[in-house]
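J.: Before I ask anything, here is the structure I am working with.
Please treat every number below as a calculation from the coordinates, not as lab data. Predicted, not measured: the structure shown is a model, and the values here were computed from it. Here Cβ is always computed from backbone atoms with ideal geometry, including for glycine, and neighbour counts include all displayed protein chains.
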Amino acid sequence: MEKTRTKTAGALAATLAAGGIAGALLFTPIASGAQEDGTATEDTPTTEESDAQEAARADHAAEREARAAGLAEVLGISTDELRQAREDGQTIAEVAEANGVALETVTDYLVDEVTERLEERIAEVPERVDAMVNSEGPAAGEGGHHGPRGGMGPDGPDADAGDDEGPTGGG
């Protein structure tokens, strides 16, 4: 029993770590924004894009609710009871124990749930990479979502420091 629990916990930790990394790499917005004077730029989302972003947020919220409902069902409680227990500082393991549910049952459910979501995301990778490779973006050095690129060289953030000796002042 202890070996199975350790293996399951290890698998869950590895799956969650991989999911976090995959999500960060695949689902980070590439570029958007506006100039400080409020005028629109090419990076400013259109109404259509804004609507799509809002729809994506709503879909994400619905997915979170569905996951919470599934976990609550495994735990034998309502979604509101699960939410309240978590807000009160209880771990999922503590909620499971309080409701007579084996930790292995909860862990198996969560591993299956995360694995299913990862497999769905992995299936989307070729399409996302194709879109990324074929989309137009800011030219090198133009900035984009994270602002202008710069380093510590002559054109970097310390370029206006008043000396020609670089960021350390040369002396």
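J.: Between L118 and R67, what is the spin-label point distance in nm, taking each point 7 Å from the Cα along the Cα→C-beta axis?
T.: 1.3 nm
J.: Bins of 10 Å, beginning at zero and ending with the bin holding the largest distance: percent of Cα pairs per bin for the stretch 47-127, please.
T.: 16, 38, 27, 15, 3
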